[in-house]
Amino acid sequence: MLYEKIKTAPHINFGERFFAAAWAVIIAFSFYNGGFLLGYEYDGWVNWCLYLFTTLSIPYLFPLTRDSKFDNFLGEFSYPVYLIHPVIIQFEFQHVAVPAALHYVNIIIDVFLLSYLMIRWIDRPINKIRARISGAAWAGSGPLPGASPNQESVFPVKLSRN
């Protein structure tokens, strides 16, 4: 909703360039500094500034990435990663005996692998069922409530990826 309000603002191009450059500096500094938020107190003032900056930058960065296949690909992973990462982290540190650096590599690989399996075997089949049910329930009755005339389903489904 915020993006809809600012997308025609005269300062949008400046905001896009400013936040893109600022994020490039933040990411470069994090690699130079030895990690991004690793080993820092998450409730410190520096991190709260980063959280606020992130919140303010999203509407300006959205136009730069909204048509990106990579961004869409990462977006599909956001919820499965959110769900599975605590279990993987706990299991990794309690039951896997490897050097500390390998824990992080194992966590990243395992989280993305299990997230992909969740997308492939749970999310996509459920979205296909949703599309079939919502399409059957509204068949022949005109556009869906709150939908544009060309929209077929309440649930956006990407049926082409399998």
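Would you confirm whether or not segment 11-19 contains a residue that is surrounded by 13 or more Cβ atoms within 10 Å (Cβ to Cβ), in a helix (DSSP H, G or I), among the hydrophobic types (A, V, I, L, M, F, W, C) and at pLDDT 80 or above?
From segment 11-19, those surrounded by 13 or more Cβ atoms within 10 Å (Cβ to Cβ) are 12, 15-16, 18-19; that's our starting set.
Retained after the next criterion (residues that are in a helix (DSSP H, G or I)): 12, 15-16, 18-19.
This time we only want the ones that are among the hydrophobic types (A, V, I, L, M, F, W, C), so: 12, 18-19.
Of the ones still in play, those that are also at pLDDT 80 or above are 18-19.
For segment 11-19, residues surrounded by 13 or more Cβ atoms within 10 Å (Cβ to Cβ), in a helix (DSSP H, G or I), among the hydrophobic types (A, V, I, L, M, F, W, C) and at pLDDT 80 or above: present.
Among the residues of segment 76-104, those identified as more than 23 Å from the chain's Cα centre (by Cα), surrounded by 10 or more Cβ atoms within 10 Å (Cβ to Cβ) and aliphatic (A, V, I, L, M) are V96, V98, L102. When F70, F112 are checked against the criterion of being modelled with pLDDT of 90 or more and at negative phi, F112 stands alone in meeting it.
The values are calculated or read from the model by the stated rules, or taken from the named source; none is laboratory data. In this text the structure is predicted, and so the values were computed from the model without any measurement. A quick note on method: Cβ atoms are made from the backbone with ideal geometry, for glycine too, and the neighbour counts reach across all protein chains shown.
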